[in-house]
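The values are calculated or read from the model by the stated rules, or taken from the named source; none is laboratory data. Nothing here was measured: the structure is a model prediction, and the numbers come from that model. Here Cβ is always computed from backbone atoms with ideal geometry, including for glycine, and neighbour counts include all displayed protein chains.
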Amino acid sequence: MTDPAPHSTAKDTLFRRLFGRVEAQDVAPIVSLALLILFFGVATGGAFFKPATLVQTLKQGSVLAIVSVGLTYVLLCAEIDLAVGMVALWTACLCGWMFELPFAAGPKGAGDAAGWAVAVVLVIPLVSGVLLGLASGVLTVWSQLPSFIITLAMMNIADGMSRWLTKSEKFNVPTVLKTIGNRGIDLTDRIQIPYSALLAAVVFLVGHVVLQHTRFGRYVYMTGGNREAARLAGVRTGLIVIACLAIGAFTAGLGGLVNAGRLNSVSLDQNADLLLSAVACVVLGGTSLFGGSGGMGRTVIGVLTFSVLKVGLNQVLWINDLARPLLMGLVLLLALVVNGLLSKKR
Amino acid sequence: MTPPESTPLLECRGVSKRFGGEAALDGVDFTLRAGEVHGLVGSNGAGKSTLMKILAGAHPDHDGQILLNGQPVALASPQAALRHGIAMVYQELSGIGQLSVAENLFLGRQPTTRFGRIDWRRMHAGAAEQLRLLQIEVPTERRLERCPLVVRQMVEIARGLHSGARVLILDEPTSALSPPETRRLFDLVRRLRERGVAIIFISHFIEDVLEICDRVTILRAGKIVETRDAASTDKHAVIHAMLGHRLDAPEVGYETGVELPPRTQTPPALVAEGLILPGAAAGIDLSVSPGECLGLYGFVGSGHQELVHCLAGAMRPTAGRVMLDGSELSPGSTHDAVRRGVAIVASDRAQSLVHGAEIYKNVTLAHLKRTSGNWLTRRKEAPIAAQVLTRVGCRPADPMLRAGNLSGGNQQKVVLAKWLLGPLRVLLLDEPTRGMDVGAKEEVMRLVAEQKRAGAAVILASSEPEVVLAHADRILVTSRGRVSKEFVGCSVDKSMLLRFA
């Protein structure tokens, strides 16, 4: 029985005319990012603004960016996928293991793999990752248990499968992955646009367009915003959740492959912190953990912020090595709190 | 009935409150005597809840004075208000379901033993004593969630009194109660009046207000229109004061009864056979034809609301089937129902709109392909939404506003609006005007009538006899999961409905 929210005042509408429908929630992450960049610029004595830093930030962030795109879909429909890190690992492991089979490059990846073999070695693991995501989705919808629980189980399953498959050994990966992970388009001597960043940009773009301009994207937002209302309006919310979890798994797999390429091999210690970093990026950007609000643009900012933070901290020489993770956590906490406070003001 | 007191128990002098540029309350003078039940009515947005929140301590920064027993007091916080003896019982009850009645009564003030542990014996004894004094019959150990709604409300009231309240504010106490439960609540209210407690009774049900209250105050647009004795006024006069104009007779409600038209000859559009829903329907058949409004009347909890949800595909029945134009609707699939033109407007606005999204997104959601095609852009969708918003009379008709910022009545219009963007064969309404003021109710039901005339089959489920009597062509009364009586082609009035419920 509360009165409706007070109508806007003259001051509100002036602001709206100037800035369109920008809310504090949109601006806050950008402001945080700008402040961070400024801070590191000062703290490193200008070394932060070198082109090499930019390249490194892009490389650092690409894998995270790719995974975050899919995770954004999952969070937007008010679910969570705890398995992204392990699905990434599994996809990479399957790829490496298949790569060293006789039909591809053989033991240690020493031989030459035919084009079609490389394609198989890339596609099948991606498909298997999607299947894991579909399984998570179907189980979540059918059992009506929280996705938190289902994907927690899936995380352990994927981890276990990876261990069983690789038996803790390292595997080689196709050259194309290594190229994507490490090389790029050389603009000048020092400035290079990494292929991984280009891939991430493409994934972002596709993710954004689908989210903003397709019916599926609209259904994702509305399913997350109010699942029951969406259902009463005829949206097949179960299918939407399943699709989002599958998308999350797909990008996780893709990210896992690119990461393996970047590290030139597959091993069990990869992607260990991927889950939390990816969630942090999405949330830093302003997408709500409760669904229904956020988007790709915000996730981009979140990924950039995270990467800037990571690269910047590495560059600031007077910070103790041991203190870096702690500082990372503290700054993250600060940024999340600030974002949260600003978004409450709407 | 109440001896005139020289000093009123509670008095508001010139109380005003502004939000931003708007005055929610403007110079309100209000008095409340001890042992009085004072009704407060007004449309949504008239200022009722603002005034109540001020009294409950939620808006300490108001203008004007509040006096208790002639002394000015500062109600700086809800705790301060409680300390001054003002207790509010909200529409959404705040009792803790998992705890027992006694624990709820003593919430925050449990009696302890010497060692600091809770003295259960003393607590239950104290609770039993309180309940006995108020003549509320319920075992003190029973979990609150297992008690009927009216008992939960009475325990809330008892809790307020037990903590020393002399002024009780009841916010929409009867909106979810069946008639017998309302009787029970009113008995308690009368007992409280005899003990000198002052009660402010806020409600949209003007008949209830006139029945139980000694005086009635009508608010409109933040100002008090008038305060009069309940005995010397009637429903029409009150509504006139609330809205500033008279309403057509059909909307006001029927005390005398209506004449229902004969059964329609048009073949039915929607047919339900043998529907079984655990706890709601134990084998229900019904049918409704295009251009007909079928009223489903029953007490809250009689199953008619769940029935409507089942027909819409939102609940899967354990047995039975629903057929639209001869072919079966996929059970439990709202997608199938919506695709084929079966629409539902639920009572719970929280359930029917995505509050965080813009209005236009809500409006286009049901028929997205039809309205927006494959490539969604704001530029394409917003005008379509704006058009239908004006058509349903949503104020403001701005498709870019967040849906959650609208008032309840306007939100319901948005919910209706989305069904107007596609084919509408069957319109299912579940308590569509719950909690809405008379003016908004009228507007929403006018839209429904329009759709009916345009050929939709309408099913209106409600626990308010007035609503059903005013709009239905044929009435089914549900009781305990079955249809107990069908009224068609005859005259029917409120008491007949109640008899079969």
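Quick notes on this one:
- In the stretch B:189-232, the residues that are of a type in the set (A, V, I, L, M, F, W, C), within 23 Å of the chain's Cα centre (by Cα), at pLDDT 90 or above and not in a strand (DSSP E or B): B:VAL189, B:VAL209, B:LEU210, B:ILE212, B:CYS213
- Test set (1) more than 14 Å from chain B (Cβ to nearest Cβ); (2) over 16 Å from A:ALA78 (Cβ atoms); (3) under 19 Å from the mean Cα position of the chain (by Cα) - A:LEU187 fails condition number: (3)
- The lone criterion from (1) within 14 Å of chain B (Cβ to nearest Cβ); (2) without any contact (Cβ under 8 Å) to a residue 12 or more places away in the chain left unmet by A:VAL235 is number (2).
- Residue count, the stretch B:1-19 (criterion: modelled with pLDDT under 65 and of a type in the set (D, E, K, R)): 1
- The stretch B:350-362, subset surrounded by fewer than 22 Cβ atoms within 10 Å (Cβ to Cβ) and part of a loop (DSSP other than H, G, I, E, B), residue farthest from the other protein chains (Cβ to nearest Cβ): B:HIS355
- Only residues that are within 14 Å of another protein chain (Cβ to nearest Cβ) and in contact with an Asp or Glu (Cβ under 6 Å, 6 or more places away or on another chain) were counted in the stretch B:268-312, giving 2.
- Condition met for B:ALA366 (within 26 Å of the chain's Cα centre (by Cα), under 18 Å from A:ARG236 (Cα atoms) and either surrounded by fewer than 20 Cβ atoms within 10 Å (Cβ to Cβ) or in contact (Cβ under 8 Å) with a residue 24 or more places away in the chain (or both)): yes
- Any hit, the stretch B:135-150, residues being touching a residue at least 60 places away in the same chain (Cβ under 8 Å), crowded, with 22+ Cβ neighbours inside 10 Å and of a type outside the set (Asp, Glu): no
- Among the residues of the stretch B:332-349, those identified as more than 8 Å from chain A (Cβ to nearest Cβ) and in contact with a helix residue (DSSP H, G or I) (Cβ under 8 Å, 6 or more places away or on another chain) are B:VAL342, B:ALA343, B:VAL345, B:SER347, B:ARG349.
- Of the residues in the stretch B:97-105, at least one is in a loop (DSSP other than H, G, I, E, B) and either among the polar types (S, T, N, Q) or modelled with pLDDT of 85 or more (or both).
- Summed over the stretch B:449-482, the residues that are over 17 Å from B:GLY341 (Cα atoms) and either assigned to a strand (DSSP E or B) or not assigned by TED's automatic domain parsing to the domain that holds B:ILE276 (or both) give a count of 9.
- Screening the candidates B:LEU275, B:LEU296, B:LEU286 for the property of being under 24 Å from the mean Cα position of the chain (by Cα), part of a strand (DSSP E or B) and at pLDDT 90 or above yields one hit, B:LEU296.
- Residue that is surrounded by the most Cβ atoms within 10 Å (Cβ to Cβ), among those in the stretch A:207-229 that are more than 7 Å from chain B (Cβ to nearest Cβ) and without any contact (Cβ under 8 Å) to a residue 24 or more places away in the chain: A:TYR219
- Checked against the criterion of being among the basic types (Lys, Arg), in contact with a Gly (Cβ under 8 Å, 6 or more places away or on another chain), touching a residue at least 40 places away in the same chain (Cβ under 8 Å) and surrounded by fewer than 24 Cβ atoms within 10 Å (Cβ to Cβ), the candidates B:ARG340, B:ARG321 yield just one match: B:ARG321.
- Here A:ASN264 does not qualify as under 24 Å from A:ILE157 (Cβ atoms) and part of a loop (DSSP other than H, G, I, E, B).
- Top-ranked residue in the stretch B:363-402 [being touching an Asp or Glu at 6+ places or on another chain (Cβ under 7 Å) and within 9 Å of another protein chain (Cβ to nearest Cβ); ranked as modelled with the highest pLDDT]: B:THR364
- Qualifying residues in the stretch B:186-205 (those that are more than 14 Å from chain A (Cβ to nearest Cβ) and buried (at least 22 other Cβ atoms within 10 Å of the Cβ)) - the one nearest to B:VAL41 (Cα to Cα): B:ILE199
- Listed conditions (1) surrounded by fewer than 23 Cβ atoms within 10 Å (Cβ to Cβ); (2) assigned to a strand (DSSP E or B); (3) not β-branched (Val, Ile, Thr) are all met by B:MET496, apart from (2).
- Residue pairs whose Cβ atoms lie under 7 Å apart, sitting 6 or more positions apart in sequence or on different chains, and linking a residue in the stretch B:381-410 that is under 23 Å from A:GLY292 (Cβ atoms) and without any contact (Cβ under 8 Å) to a residue 24 or more places away in the chain to a partner that is among the aromatic types (Phe, Trp, Tyr) and part of a helix (DSSP H, G or I), are B:GLU381/B:TYR360; B:ALA382/B:TYR360.
- Flag if A:ALA243 is facing another protein chain (nearest Cβ under 9 Å), farther than 18 Å from A:MET155 by Cβ and not in a loop (DSSP other than H, G, I, E, B): no
- Candidates are the residues of the stretch A:81-130 that are free of Cβ contacts under 8 Å to residues at least 12 places away in the same chain and not in a loop (DSSP other than H, G, I, E, B); the one that is surrounded by the fewest Cβ atoms within 10 Å (Cβ to Cβ) is A:GLY115.
- Check on B:GLY14, in contact with a helix residue (DSSP H, G or I) (Cβ under 8 Å, 6 or more places away or on another chain) and more than 12 Å from chain A (Cβ to nearest Cβ): no
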